[in-house]
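Trainee: To start, I am sharing the structure in question, which I have written as structure tokens.
The values are calculated or read from the model by the stated rules, or taken from the named source; none is laboratory data. Source: prediction; values computed, not measured. Methodologically, a virtual Cβ is constructed for each residue, glycine included, from the backbone with ideal geometry; neighbour enumeration extends over all protein chains shown. All accessible areas refer to the heavy atoms of the entire protein, side chains included, with ligands and DNA or RNA removed. Shrake-Rupley method; radii C 1.70, N 1.55, O 1.52, S 1.80 Å.
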Amino acid sequence: MTETAAEVCTNQRLCSTLRKKVRHIEIQLPVLLEMKMLAASGGNFCTAKDLAEEIQSLTAERDCLKGLLREWSTLNAQNIQKLERGKEHYKRLKEETEQEEFAFGE
């Protein structure tokens with residue numbers, strides 16, 4: 001159970017980090033898109049092209065991070081269920097042991 005609890009904590013930290021990275025990219029994308037539009041409308045097509053490539057790269061990175069986040073979130077949910085089952089099993093065993101000790105003591 002201790003190992004599973006540690007995995008849950010680690011997975012939660014990783015998911016939090018991934019969510020922060022996704023949010024950071026999602027904040028950057030509209031700004032870069034606006035800069036690209038301004039560059040294109042101003043005739044600065046080299047800059048617009050560079051910005052388009054940056055947008056494409058960040059979009060791909062965001063999509064990859066979202067995929068990883070889905071995978072880790074699923075794994076974390078499974079580990080939480082495993083931990084809960086372990087806690088219930090431990091509780092049942094403890095109750096059974098206490099009942100046996102009580103019956104043996106009589």
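Trainee: Ignoring any ligand, DNA or RNA, what whole percent of the accessible area of the chain comes from carbon and sulfur when the probe is 1.4 angstrom?
Mentor: Numbers: 4660 of 8110 Å².
So the carbon and sulfur contribution to the accessible surface is 58 percent.
Trainee: Which three semi-axes in whole Å describe the equivalent ellipsoid of region 46-106, each the square root of 5 times a Cα gyration tensor eigenvalue, listed largest first?
Mentor: Values: eigenvalues 674, 7, 3 Å².
Each semi-axis is √(5λ); the values are 58, 6, 4 Å.
Trainee: Note the angle between two axes, namely the Cα long axis of helix 45-105 and the longest principal axis of the Cα atoms of the chain, as a number of degrees from 0 to 90, rounded to the nearest 10.
Mentor: 10
Trainee: With all distinct Cα pairs included, what does the Kirkwood hydrodynamic radius of the chain come out to in Å, to one decimal, could you say?
Mentor: Details: mean 1/r = 0.0565 Å⁻¹.
The Cα-based Kirkwood calculation yields 17.7 Å.
Trainee: Counting other C-beta atoms within 10 Å, and keeping those with at most 14, which DSSP coil GluC sites (Glu not before Pro) do you find in region 1-49?
Mentor: Values: sites: E3, E7, E26, E34; in loops: none.
In loop regions of region 1-49 (DSSP not H, G, I, E or B), there are no sparsely surrounded GluC sites (Glu not before Pro).
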